[in-house]
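The values are calculated or read from the model by the stated rules, or taken from the named source; none is laboratory data. As the structure is a computational prediction, the values presented were derived from the model and not from experiment. As a convention, Cβ positions derive from the backbone with ideal geometry for all residues, glycine included, and neighbour counts pool all protein chains shown.
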Amino acid sequence: MSTILIFEGASGIAAARQLQSNNINDFVIIDALPFVGGRLLKSVVKSRVQNATFGGAQVELGANWIYGHGDNPIHRLAVKHGLQTVPSDKSNVTYFDHTGQCMAEKEEKEFNKALKDIGNLAKLRMQRGLVDLSARTALQLEGWHANSSIRAAIEYFGFDWELAEPPEVTSLDYAAAANGGSVIKDQPDVTPGDDFVIDERGFQYILRAECDALLGQDTSRLVLSTKITDVHYGQDNVTVFASNGDIFVADVAICTFPLAVLQSGHVKFHPGFPSWKREALFNFHATTYTKIWMRFSKRFWPLDTQFFVYADDVSRGHYPVWQTMPHLDEPVLMATVVYHESQRVEQMSTKSLQKEVTQVLKRMFGPKATAPVEILVPVWKNNPLFGSSYSNWGLGMSEAHHRNLRRRLGRLWFAGEAMSRQYFGFLHGAWMDGLEVASAVEKCLPDDPNDGYNIFCLI
Ligand SMILES: Cc1cc2nc3c(=O)[nH]c(=O)nc-3n(C[C@H](O)[C@H](O)[C@H](O)COP(=O)(O)OP(=O)(O)OC[C@H]3O[C@@H](n4cnc5c(N)ncnc54)[C@H](O)[C@@H]3O)c2cc1C
């Protein structure tokens, strides 16, 4: 008899799928959440790939975009499961400042050129073995200065909106130069094209369907609503304790807890992590990206534009990116904030939030703009099961740090979006990392299952 423990999430399901493809079926998947996907209680975030009913339709609280077609594994799953999407086009954008609509073509071109130039600069510097820079320093070296509100807003839309952190704290070599891992480069057949998921079953459907196919009738291998409190690991096995009193013992565990959970100490590891692991964990950035869903009594914005970018005259990143939702029957807008603004918005009362967004909308659209009648804000930063929305490679994080971040401790392996060297932060990164770590685990298992191994996967 043999068991592997896996913790859930996209990376956990990918890991389990990889094991099963090699006839290793003795795994258990565990998660604190009650569902792999499925129904959602309003404003309760259940996973980083999750949807909620809002404005009479399903809207995504976490991941929403699929980056790249063809050999992108997430795109393949979307096609396999008939996920409904619409093309997303960042160039379909109208700019606004505090006086209304404004022109920004020249600045936009300048920024796009600077972004390309810093990619080349990073390549050159890495070839020469030069020290990493912040993306801010690199942008300045290439002649880009965010010295007006409109320039700051353009920069935000092209940078912070993807990486969820500003150029000051972001690594040039590992994050900025690689677009934060959104573009899959090591698969020859990935073709450009970003899709926005609008499926009524939710984006998480692809994970739920994969999990159902994986487990078949044997649902005993999926252990939900089970919050892990302690993980004891060593050279011989891994023992996991849950808050409901359950205890799991296995020969191997694949731990996919989000980075912020590993940083937080909410789960106790025994023995405690060695100093090289702690340094790597605390050096990687767990950051927050918050979607603010708003429903209005009537539509007052044009529908032929996908994005509105607002340049606040006082504060960079003050409700800067707005998205129209023409596929929804109800008048709904989604605004995004990141980083410190996310933390602030998560803690605000709905009334204060309503007041602030209405003020911004009136600056953009004039007196015809009205206050939203309903607002939905998912909580990531203050949710102990996540602690952030995803990771970013900050300045000061070396490749060696990242190798230490994912390095296994005895029988305890680590997988998940933050562990992906190239695609950290993204769903495809989580999926690909789950596959990779499970392949590495397979190589360490005894050839004969009768020798007895237990694999234990945490979702
Ligand atoms: C707001 C937002 C927007 C995003 N947008 C995109 C996007 O458009 N495109 C894209 O590619 N990516 C996007 N992402 C990132 C993507 O969703 C994640 O990278 C990916 O889902 C992470 O998968 P994972 O398996 O690494 O971790 P997770 O899915 O977080 O899995 C880890 C699991 O660990 C569980 N857990 C935590 N603590 C415990 C405990 N004590 N006991 C038991 N279980 C526990 C959690 O419940 C969780 O289910 C977004 C994320 C967010 C939050």
Could you check region 296-335 and list, in sequence order, the residues that are aliphatic (A, V, I, L, M) and assigned to a strand (DSSP E or B)?
Val309, Ala311, Val321, Val332, Leu333, Met334, Ala335
Please list, ordered by residue number, the strands (runs of 3 or more DSSP E) wholly in region 369-415 having 1 or more residues that are more than 12 Å from the ligand (Cβ to nearest atom) and buried (at least 20 other Cβ atoms within 10 Å of the Cβ).
374-376, 412-414
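Looking at Thr137, Thr94, Thr99, which is the one that is hydroxyl-bearing (Ser, Thr, Tyr) and more than 23 Å from Tyr319 (Cβ to Cβ)?
Residue meeting the stated conditions: Thr137.
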Could you grab me the full set of residues in region 308-327 that are hydrophobic (A, V, I, L, M, F, W, C) and surrounded by 19 or more Cβ atoms within 10 Å (Cβ to Cβ)?
Phe308, Val309, Ala311, Val321, Trp322, Met325
Restricting to region 426-444, name every residue that is surrounded by 24 or more Cβ atoms within 10 Å (Cβ to Cβ) and within 12 Å of the ligand (Cβ to nearest atom).
Phe426, Leu427, His428, Gly429, Ala430, Trp431, Met432, Asp433, Gly434, Val437
Go through the residues of region 213-234 one by one and say whether even a single one is assigned by TED's automatic domain parsing to the domain that holds Ala32, touching a helix residue (DSSP H, G or I) at 6+ places or on another chain (Cβ under 7 Å) and either modelled with pLDDT of 95 or more or acidic (Asp, Glu) (or both).
no
Scan region 134-148 and tell me whether some residue there is touching a Lys or Arg at 6+ places or on another chain (Cβ under 9 Å), within 25 Å of His428 (Cα to Cα), part of a loop (DSSP other than H, G, I, E, B) and in contact (Cβ under 8 Å) with a residue 12 or more places away in the chain.
no
Kindly provide the set of residues from region 122-174 that are within 20 Å of the chain's Cα centre (by Cα) and aromatic (Phe, Trp, Tyr), ordered by number.
Tyr156, Phe157, Phe159, Trp161, Tyr174
For the condition among the β-branched types (Val, Ile, Thr), free of Cβ contacts under 8 Å to residues at least 24 places away in the same chain and either under 23 Å from Thr350 (Cα atoms) or within 16 Å of the ligand (Cβ to nearest atom) (or both), what is the one hit in Ile292, Ile247, Ile254?
Ile247
Given the conditions (1) farther than 21 Å from Pro34 by Cβ; (2) more than 26 Å from the chain's Cα centre (by Cα), report the number of the one that Asp246 does not fulfil.
(1)
Given the condition part of a loop (DSSP other than H, G, I, E, B) and more than 12 Å from the ligand (Cβ to nearest atom), answer yes or no: does some residue in region 349-359 qualify?
yes
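Could you please find all residues in region 213-244 being of a type in the set (Asp, Glu) and free of Cβ contacts under 8 Å to residues at least 24 places away in the same chain?
Listed by number, the list holds a single entry, Asp218.
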Scan region 357-366 and give yes if some residue there is within 25 Å of Ile198 (Cβ to Cβ), aromatic (Phe, Trp, Tyr) and either at pLDDT 95 or above or buried (at least 17 other Cβ atoms within 10 Å of the Cβ) (or both), otherwise no.
yes
Does region 257-267 hold any residues that are more than 10 Å from the ligand (Cβ to nearest atom) and either under 10 Å from Leu412 (Cα atoms) or not polar (S, T, N, Q) (or both), and which are they?
Gly265
Pick from Leu121, Leu77: which is surrounded by 13 or more Cβ atoms within 10 Å (Cβ to Cβ), of a type in the set (A, V, I, L, M, F, W, C), more than 16 Å from the ligand (Cβ to nearest atom) and outside any strand (DSSP E or B)?
Leu121
Considering region 323-344 alone, what residues qualify as being of a type outside the set (Ser, Thr, Tyr), closer than 27 Å to Asp195 by Cα and within 19 Å of the chain's Cα centre (by Cα)?
Gln323, Met334, Ala335, Val337, Val338, Glu341
